Amino acid sequence: MAGLIKAEDVQTVKERANIEDVVREQVTLRQAGMGSLKGLCPFHDEKSPSFTVRPALGVYHCFGCGEGGDVIAYLMGVDHLTFSEAVERLAGQLGITLRYEESNGRGGPRDGAAPGKRTRLVEAHRVAADYYHAALVDSGEARAGRAFLLAKGFDRSVAATFGVGYAPGGGTSLAAELQSKGFSTEEMVTAGLVGRGQRGLYDRFRGRVVWPIRDITGDTIGFGARRIHDDDRIEAKYLNTSDTPIYKKTSVLYGIDLAKKPMSQQRTAVVVEGYTDVMAAHLAGVETAVATCGTAFGTDHIKVLRRILRDEPGSDPAKVIFTFDGDAAGQKAAMKALTKTSGGPRSRLWLLPPPGKTPMNC
Ligand code: ZN
């Protein structure tokens, strides 16, 4: 559990955040007189605008669906964030350092990243993602990586959309890049991007195709890396970021940043097996596809999905569709995870068997 953000810091964030700017990231607003702005509601489907924002008061309200509140409530609703996540996101953008109540000796945001630290670790990942992507596009060494992606039907523009990159094989170039951008050894190591060995710093991912793993707000918080060279001394087909203060593999879902909105609208989630499956699904129009990152689907993943699917008592059942084939143990675990946390028949789990058979509805 995250520690509570100090009330006065929440207040500071509320006062300094500009709700108009925040809303304009997703909604086109027009002047509507009396100090209010109007646009199409992001919370329900409509053709004429009934969603209003009053910047001077820092509030929004929709006359169509009744949604309303302050800038924090807006972000929680539109981006499916918890209260703390919404405040942290705004604070990060405004350059406000948050302080946390030291309750139960468990202070700090999101399982222990000290205030301000999260921002630095996210920034290091942004630099790394840019570096890897440029390497994929430009370097001769990445030819095998480009060929791997092309063989799966992913061209340059698709790679750009998903931010796919290539980690050079030299072993220290990312460390050098991060160093040149002012990151300390401790920051690089804590971020899980660089390791510290007997002979100094070394890049965690070497000579592999890498996928940036983004959190629900779109921040890159980790990477998945696939083996493509026969002489790769690490046998594992996939390597993933180990747990860090900002990356928890049991709750991370690849593709969640892209899938959250369609998921919420369709109240359906499609769980596929890996990074390339997520890409293929999205390109094929299945915009609700996500995948776990190097771990089995578990209860923490279910919690994330339930928040987005708004799986609440009294609502129509949400659907979680699994497309894993062949792994009966994995399906059983997933089914158990879902039925356990949903407390009965509210959510429906569909297991898609290999083509030709009908889905099993649990
Ligand atoms: Zn509305």
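The values are calculated or read from the model by the stated rules, or taken from the named source; none is laboratory data. Treat the numbers as computed from the prediction; the structure is a model and nothing was measured. All Cβ positions, glycine included, derive from the backbone under ideal geometry; neighbour counts span all protein chains shown. For accessibility, only protein heavy atoms count, side chains too; no ligands or nucleic acids. Shrake-Rupley method; radii C 1.70, N 1.55, O 1.52, S 1.80 Å.
Below are the figures for this structure:
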| item | result |
| --- | --- |
| Given (1) out of contact with any Lys or Arg (no Cβ under 8 Å at 6 or more places or on another chain); (2) of a type in the set (A, V, I, L, M); (3) in contact (Cβ under 8 Å) with a residue 12 or more places away in the chain, index of the condition residue 137 fails | (1) |
| Selection count where residues are of a type in the set (S, T, N, Q) and under 18 Å from residue 77 (Cα atoms), scope segment 1-53 | 5 |
| Conditions (1) outside any strand (DSSP E or B); (2) open to solvent by 40 Å² or more (accessible area, probe 1.4 Å): number failed by residue 226 | (1) |
| Helices (runs of 4 or more DSSP H) completely within segment 257-362 that count 3 or more residues being at pLDDT below 85 | 299-309, 328-342 |
| Restricting segment 229-265 to residues that are open to solvent by less than 40 Å² (accessible area, probe 1.4 Å) and of a type in the set (Asp, Glu), the residue that is nearest to the chain's Cα centre (by Cα) | 257 |
| Top-ranked residue of segment 176-193 - restricted to ones that are over 15 Å from residue 246 (Cα atoms) and aliphatic (A, V, I, L, M), ranked as most open to solvent (accessible area, probe 1.4 Å) | 176 |
| Single match in 197, 218, 274 (criterion: open to solvent by less than 50 Å² (accessible area, probe 1.4 Å) and in contact with a strand residue (DSSP E or B) (Cβ under 7 Å, 6 or more places away or on another chain)) | 274 |
| Residue in segment 205-213 that is more than 17 Å from the chain's Cα centre (by Cα), of a type in the set (Gly, Ala, Ser) and surrounded by 19 or more Cβ atoms within 10 Å (Cβ to Cβ) present | yes |
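To keep it simple, each residue is scored yes or no on (1) in contact with a strand residue (DSSP E or B) (Cβ under 8 Å, 6 or more places away or on another chain); (2) at pLDDT 90 or above; (3) closer than 30 Å to residue 300 by Cα.
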site: 4; (1), (2), (3): yes, no, yes
site: 18; (1), (2), (3): no, yes, no
site: 29; (1), (2), (3): yes, yes, no
site: 44; (1), (2), (3): yes, no, yes
site: 64; (1), (2), (3): yes, no, no
